[in-house]
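A short write-up of the structure that comes next.
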Amino acid sequence: MSKAAKPAYRCGECGWTTVKWVGRCGECQAWGTVEEAGARQGVHVVKPGAVSAPAVPIGQVKAEVASSRTTGVPELDRVLGGGLVPGAVVLLAGEPGIGKSTLLLEAAARTAQGETVLYVTGEESTAQVRMRADRIGAIEDRLYLAAETDLSALVAHVEKVQPSLLIVDSVQTIGSADATGVPGGVTQVREVAGNLVRLAKERAMSTVLVGHVTKDGTIAGPRVLEHLVDVVLHFEGDRNSRLRLVRAVKNRFGPIDEVGCFDLHERGITGITDPSGLFVSRHPEPVPGTCVTVTIEGTRPIPAELQALVGPTEAPQPRRTSSGLDSYRVAMVLAVMERRLNAKIGKCDVFTATVGGIRLTDPAVDLALMLSVVSAAGDQALPSGLVALGEVGLAGELRPVRDVRRRLAEAARLGFTRALVPTGSLEEEGPRLEASASRGRLVALRSPTGRTTPFAPGFEVTEVENVWDALNLMRSAR
């Protein structure tokens, strides 16, 4: 056999090829994804074949066919961009027991009030799903239930029921006789997902696939699974809390920065339309080591409280532990504090966390994080009614962040009285904020650095340029 005709091996994740089999891909470092693909013998000429539909000018395509329809769960519709689009395939991933099946059963029951829905379970029996449906009140005549683990049987159910919405729980439990390997393997998942996507597009049937996650929180299976589907949602939350969050990671029909908030309880799952206040503790008196900020999740401003605890240690390597925050960003802010503010925390354990289980990745929380650590290290509480916004740079400067006015308007609505923001935050977004009738008109006047500016009745904003000014201002306000 010539060298060019030797069999090749290809990675199912990234397409990397090699002349011999290896257990780990040399490109994407994924394990168990390299399979024999066979060497190409040359370029094959593809002859014209039959087309499914003739090509037409784009102006003649009816866009109404792809209009979304509601799932009956407003918070889920918010993340999806308005609802489910006919023919769209959605992948919902999350840890076991987080509430994925409960959420989808709730959405299936709401959708079944006007359309036919088929719920295929591969992990539970129909009796188990029926017990959950009785508990959350999800019994509808047009909601069909089947327990199958074979792809051909699933397609037969679709042919018979003719649903508008298909839910498969989960894609890793469905197997195909045309593919090698066990259900959940790379080849099986790719084969099953490809057939379900094709089925959804041919029938204009909305399809929701439940996916497993690995121990590091990523979606299990080949990366091609995320490329095949139209929408990828992550269902997350703390097992010790009732709060659940749904985030859009990929969305061809809507924004990818929206988040849906849910309350998981014994009678099912309920959307939280106004999560403001869920992530802020109510202290009768100011407590050292706490500071409130306002993050933006999609189009929704959410106040969140950051807490810090600083204590001396005899260990040669002090601990840096964070919960709900990006550990790399926390380490950067601590380094800026030690270098620029001469903070003596190099030999102290530093613990940082958020309240309510929310995860903050917004750079606007840097200033609040810094102030909470300074407050904890000095055992001095910050002024009451304060919110802090701003990104901390390596040189100690404070950088403006987006949507400052919306953040401040939400803080004023919840009863906060003062705010600390980087210089120029108000000028960059225009001289005036359009507020709703319930909040009234909020006016922000320009002011020099370090001067307080009235933003709303009973709410004042102070602009600072760097971390030194912010720290001195907080010390003088105590």
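Any idea how far apart Lys344 and Trp468 come out in nm if each label point goes 7 Å out from Cα toward Cβ?
Each label point lies 7 Å from its Cα, and together they span 2.1 nm.
With no other cysteine's Cβ closer than 4.7 Å, which Cys residues of the chain count as lacking a disulfide-compatible partner?
So, Cys261, Cys291, Cys348.
Only one of the values [x] 16; [y] 20; [z] 29 was calculated from this structure for percent of Cα pairs over 44 Å apart; name its label.
Label [z] holds the value from this structure.
Please count, across the chain, the pairs of lysine residues with Cα atoms under 20 Å apart that sit 8 or more places apart or on different chains.
For the chain, the number of qualifying lysine pairs is 7.
Between segment 291-323 and segment 118-159, what is the C-alpha centre distance in whole Å?
Segment 291-323 and segment 118-159 have Cα centres separated by 43 Å.
If you plug each phi of segment 246-258 into the Karplus form 6.51 cos²θ - 1.76 cosθ + 1.60 with θ = phi - 60°, what whole-Hz ³J(HN,Hα) values come out, in order, with x for Gly and Pro?
10, 10, 8, 8, 9, 7, 7, 10, x, x, 10, 10, 7
Rounded to the nearest 5, what % of DSSP beta bridges with both residues in the chain are antiparallel?
Here the antiparallel bridges make up roughly 55 percent for the chain.
At what distance in nm do the modelled label points of Asp274 and Asp150 sit from each other, each positioned 7 Å from its Cα along Cα→Cβ?
Here the modelled spin labels are 5.4 nm apart.
For the chain, give the magnitude of the charge dipole about the Cα centre (Cβ charges: +1 Lys/Arg, -1 Asp/Glu; no others), in debye to the nearest 20.
Computed charge dipole of the chain: roughly 660 debye.
Taking the highest mean first, how do the peptides 405-415, 320-330 order by number of other beta carbon atoms within 10 angstrom per residue?
Packing order, densest peptide first, comes out as 405-415, 320-330.
What length, rounded to one decimal in nm, is gained on full extension from Arg239 through to Glu266, with 0.36 nm per residue of separation minus their alpha-carbon distance? Walk me through the numbers before you get to the answer.
On the way: separation 27, 0.36 × 27 = 9.72 nm, distance 1.37 nm.
The span from Arg239 to Glu266 would gain 8.3 nm if fully extended.
Quick one: which of 170-181, 291-302 comes out on top by average Cβ neighbours within 10 Å, and what's the full order, highest first?
Sorting 170-181, 291-302 by mean packing, highest first, produces 291-302, 170-181.
So for segment 170-313, considering every pair of alpha-carbon atoms, how many percent are separated by more than 24 Å?
50 percent
Which loop-located trypsin sites (Lys or Arg not before Pro) does segment 205-268 contain, where loop means any DSSP state but H, G, I, E or B and the Cβ has at most 14 other Cβ atoms within 10 Å?
Answer by residue number: Lys215, Arg239, Arg252, Arg267.
Take the alpha carbon atoms of segment 9-25, find their center, do the same for segment 341-386, and report the distance between the two centers in whole angstrom.
Spelled out, the Cα-based centre of one part sits 46 Å from the other.
All of the numbers you see were taken from the coordinates with simple rules; none came from a lab. Predicted, not measured: the structure shown is a model, and the values here were computed from it. A quick note on method: Cβ atoms are made from the backbone with ideal geometry, for glycine too, and the neighbour counts reach across all protein chains shown.
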